[in-house]
1. Please report, to one decimal in angstroms, the Kirkwood hydrodynamic radius of the chain built from all distinct Cα-Cα pairs.
2. Which percent of Cα-Cα pairs in the range 1-66 sits in each 5 Å bin, short to long?
3. Taking only protein heavy atoms and a 1.4 Å probe, what accessible area per residue, in Å², does the range 36-157 have with all protein chains in place?
4. Sequence gap at least 6, Cα distance under 8 Å: using those rules, report the relative contact order of the range 23-157 to the nearest whole percent.
5. State the Kirkwood hydrodynamic radius of the range 37-126 in Å, one decimal place, computed from all pairs of distinct Cα atoms.
6. Find the relative contact order for the range 1-103 and round it to a whole percent, using C-alpha pairs within less than 8 Å whose residues are 6+ positions apart.
7. Tell me, what % of the accessible area of the range 1-151 is carbon and sulfur with a 1.4 angstrom probe?
8. Let me have the 222 nm mean residue ellipticity of the chain computed from DSSP H runs of 4+ only, each contributing -39500 (n - 2.57), with the sum over all residues rounded to the nearest 500.
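The values are calculated or read from the model by the stated rules, or taken from the named source; none is laboratory data. In this text the structure is predicted, and so the values were computed from the model without any measurement. Note: areas computed on protein heavy atoms with side chains; ligands, DNA, RNA excluded. Shrake-Rupley method; radii C 1.70, N 1.55, O 1.52, S 1.80 Å.
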Amino acid sequence: MKFASVTDASVIHDLMIKAFMEYKNEVPPSSALEETVQSVSNALVKEEEGVIAYQENVPVGMVRFLIYNQSIYFYRLSVIPDKQGKGIAKNMLKFIEDYANKEGFSSIRCKVRMSATKNLKLYRSIGYDVYEEEVVHKPNGININVVSMKKDLLLLQ
(Lines give C-alpha, C1' and ligand atoms only; values in the text may rest on other atoms or scores of the structure.)
Protein backbone atom coordinates (compact mmCIF):
# COMPACT_ATOMS: atom_id res chain seq x y z
CA MET A 1 0.00 0.00 0.00
CA LYS A 2 1.38 3.41 -0.86
CA PHE A 3 0.23 6.97 -1.25
CA ALA A 4 -0.05 7.95 -4.90
CA SER A 5 1.80 10.74 -6.64
CA VAL A 6 1.04 12.58 -9.87
CA THR A 7 3.27 10.11 -11.73
CA ASP A 8 0.79 7.37 -10.76
CA ALA A 9 -2.12 8.96 -12.67
CA SER A 10 -2.07 6.37 -15.47
CA VAL A 11 -1.99 3.48 -12.96
CA ILE A 12 -4.89 5.00 -11.01
CA HIS A 13 -6.86 5.58 -14.20
CA ASP A 14 -6.25 2.02 -15.45
CA LEU A 15 -7.35 0.45 -12.15
CA MET A 16 -10.43 2.67 -12.01
CA ILE A 17 -11.56 1.88 -15.55
CA LYS A 18 -11.08 -1.87 -15.04
CA ALA A 19 -13.09 -1.80 -11.81
CA PHE A 20 -15.85 0.54 -12.99
CA MET A 21 -16.56 -1.33 -16.24
CA GLU A 22 -19.10 -3.35 -14.25
CA TYR A 23 -21.18 -0.15 -14.09
CA LYS A 24 -21.09 0.64 -17.81
CA ASN A 25 -24.69 -0.57 -18.27
CA GLU A 26 -26.06 1.34 -15.28
CA VAL A 27 -28.46 4.16 -16.07
CA PRO A 28 -26.58 6.41 -16.28
CA PRO A 29 -23.17 4.73 -16.39
CA SER A 30 -20.70 5.81 -13.74
CA SER A 31 -18.98 9.10 -14.53
CA ALA A 32 -15.73 7.37 -13.56
CA LEU A 33 -15.77 5.84 -17.04
CA GLU A 34 -15.56 9.34 -18.56
CA GLU A 35 -12.37 10.28 -16.73
CA THR A 36 -9.03 10.41 -18.49
CA VAL A 37 -5.45 10.03 -17.35
CA GLN A 38 -5.20 13.81 -17.69
CA SER A 39 -8.24 14.46 -15.48
CA VAL A 40 -6.80 12.16 -12.80
CA SER A 41 -3.41 13.85 -13.11
CA ASN A 42 -5.00 17.31 -12.85
CA ALA A 43 -6.88 16.27 -9.70
CA LEU A 44 -3.71 14.90 -8.09
CA VAL A 45 -1.88 18.15 -8.88
CA LYS A 46 -4.64 20.16 -7.17
CA GLU A 47 -5.79 18.73 -3.86
CA GLU A 48 -6.72 15.12 -4.44
CA GLU A 49 -4.79 12.29 -2.85
CA GLY A 50 -4.80 8.58 -3.54
CA VAL A 51 -3.70 5.21 -2.27
CA ILE A 52 -2.66 2.29 -4.44
CA ALA A 53 -2.79 -1.32 -3.23
CA TYR A 54 -0.26 -3.82 -4.58
CA GLN A 55 0.02 -7.59 -4.56
CA GLU A 56 3.42 -8.98 -5.54
CA ASN A 57 4.42 -5.50 -6.80
CA VAL A 58 1.41 -5.40 -9.18
CA PRO A 59 -1.23 -2.66 -8.63
CA VAL A 60 -4.60 -4.26 -7.86
CA GLY A 61 -6.65 -1.44 -6.32
CA MET A 62 -6.82 2.24 -5.58
CA VAL A 63 -8.90 4.83 -3.81
CA ARG A 64 -8.93 8.59 -4.28
CA PHE A 65 -9.77 11.09 -1.55
CA LEU A 66 -10.00 14.71 -0.48
CA ILE A 67 -9.60 16.30 2.91
CA TYR A 68 -12.52 18.55 3.75
CA ASN A 69 -13.71 20.04 7.07
CA GLN A 70 -11.71 17.68 9.30
CA SER A 71 -12.99 14.68 7.31
CA ILE A 72 -11.65 12.50 4.55
CA TYR A 73 -14.02 12.07 1.64
CA PHE A 74 -13.14 9.03 -0.47
CA TYR A 75 -14.43 8.08 -3.89
CA ARG A 76 -13.71 5.94 -6.96
CA LEU A 77 -12.67 3.02 -4.72
CA SER A 78 -11.49 0.46 -7.27
CA VAL A 79 -10.30 -3.13 -7.14
CA ILE A 80 -9.67 -4.99 -10.38
CA PRO A 81 -12.39 -7.60 -10.98
CA ASP A 82 -10.35 -10.78 -10.48
CA LYS A 83 -9.11 -9.50 -7.10
CA GLN A 84 -12.49 -8.38 -5.70
CA GLY A 85 -13.81 -10.09 -2.58
CA LYS A 86 -10.33 -10.68 -1.15
CA GLY A 87 -10.20 -7.86 1.41
CA ILE A 88 -8.28 -5.35 -0.72
CA ALA A 89 -10.94 -2.62 -0.46
CA LYS A 90 -11.17 -3.12 3.30
CA ASN A 91 -7.38 -2.92 3.60
CA MET A 92 -7.25 0.33 1.60
CA LEU A 93 -9.98 1.85 3.77
CA LYS A 94 -8.14 0.69 6.92
CA PHE A 95 -4.98 2.36 5.56
CA ILE A 96 -6.90 5.63 5.07
CA GLU A 97 -8.52 5.28 8.49
CA ASP A 98 -5.12 4.83 10.15
CA TYR A 99 -3.87 7.91 8.29
CA ALA A 100 -6.97 9.89 9.32
CA ASN A 101 -6.57 8.90 12.97
CA LYS A 102 -2.88 9.83 12.90
CA GLU A 103 -3.69 13.23 11.38
CA GLY A 104 -6.59 13.91 13.79
CA PHE A 105 -9.51 13.83 11.33
CA SER A 106 -12.96 13.25 12.81
CA SER A 107 -14.57 11.06 10.14
CA ILE A 108 -14.33 9.36 6.78
CA ARG A 109 -17.18 9.86 4.31
CA CYS A 110 -18.34 8.66 0.92
CA LYS A 111 -21.33 8.70 -1.40
CA VAL A 112 -22.75 5.52 -2.88
CA ARG A 113 -25.46 4.81 -5.43
CA MET A 114 -28.28 2.99 -3.66
CA SER A 115 -28.23 0.49 -6.53
CA ALA A 116 -24.63 -0.50 -5.63
CA THR A 117 -25.78 -2.87 -2.90
CA LYS A 118 -22.49 -4.77 -2.58
CA ASN A 119 -20.69 -1.46 -1.88
CA LEU A 120 -23.29 -0.48 0.73
CA LYS A 121 -22.87 -3.89 2.38
CA LEU A 122 -19.06 -3.58 2.36
CA TYR A 123 -19.06 -0.13 3.95
CA ARG A 124 -21.65 -1.11 6.58
CA SER A 125 -19.57 -4.20 7.46
CA ILE A 126 -16.65 -1.97 8.50
CA GLY A 127 -18.59 0.61 10.48
CA TYR A 128 -20.01 3.13 8.01
CA ASP A 129 -23.57 4.40 8.54
CA VAL A 130 -25.93 6.24 6.22
CA TYR A 131 -26.48 9.81 7.34
CA GLU A 132 -28.25 11.28 4.30
CA GLU A 133 -30.21 10.18 1.26
CA GLU A 134 -30.56 12.32 -1.83
CA VAL A 135 -31.54 12.23 -5.46
CA VAL A 136 -28.85 13.48 -7.83
CA HIS A 137 -30.32 15.07 -10.95
CA LYS A 138 -28.11 14.48 -13.99
CA PRO A 139 -28.15 16.95 -16.91
CA ASN A 140 -29.65 14.27 -19.18
CA GLY A 141 -32.76 14.13 -16.99
CA ILE A 142 -31.85 10.89 -15.24
CA ASN A 143 -32.06 10.83 -11.45
CA ILE A 144 -29.77 8.72 -9.26
CA ASN A 145 -30.62 7.73 -5.68
CA VAL A 146 -27.51 8.22 -3.57
CA VAL A 147 -26.68 7.80 0.10
CA SER A 148 -23.98 9.59 2.04
CA MET A 149 -22.16 7.35 4.50
CA LYS A 150 -19.67 8.10 7.22
CA LYS A 151 -17.57 6.49 9.86
CA ASP A 152 -16.77 8.56 12.92
CA LEU A 153 -13.21 8.08 14.10
CA LEU A 154 -11.92 7.71 17.61
CA LEU A 155 -9.73 10.72 18.06
CA LEU A 156 -6.47 9.66 19.66
CA GLN A 157 -5.45 12.23 22.23
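1. Details: mean 1/r = 0.0620 Å⁻¹.
After inverting the mean inverse Cα-Cα distance, the result is 16.1 Å.
2. Taking every Cα pair in the range 1-66, the percentages come to 4, 19, 28, 24, 16, 8, 2, 0.
3. Working: 6990 Å² over 122 residues.
It amounts to 57 Å² per residue over the range 36-157.
4. Values: 188 pairs, mean separation 24.7, N = 135.
So the answer I get is 18 percent.
5. Numbers: mean 1/r = 0.0718 Å⁻¹.
Roughly 13.9 Å, rounded to one decimal.
6. On the way: 143 pairs, mean separation 28.9, N = 103.
Relative contact order here is 28 percent.
7. Values: 4160 of 8210 Å².
For the range 1-151, the apolar C and S fraction of the accessible surface comes to 51 percent.
8. Numbers: 4 runs with 46 residues, N = 157.
Value at 222 nm, helices only: -9000 deg cm²/dmol.
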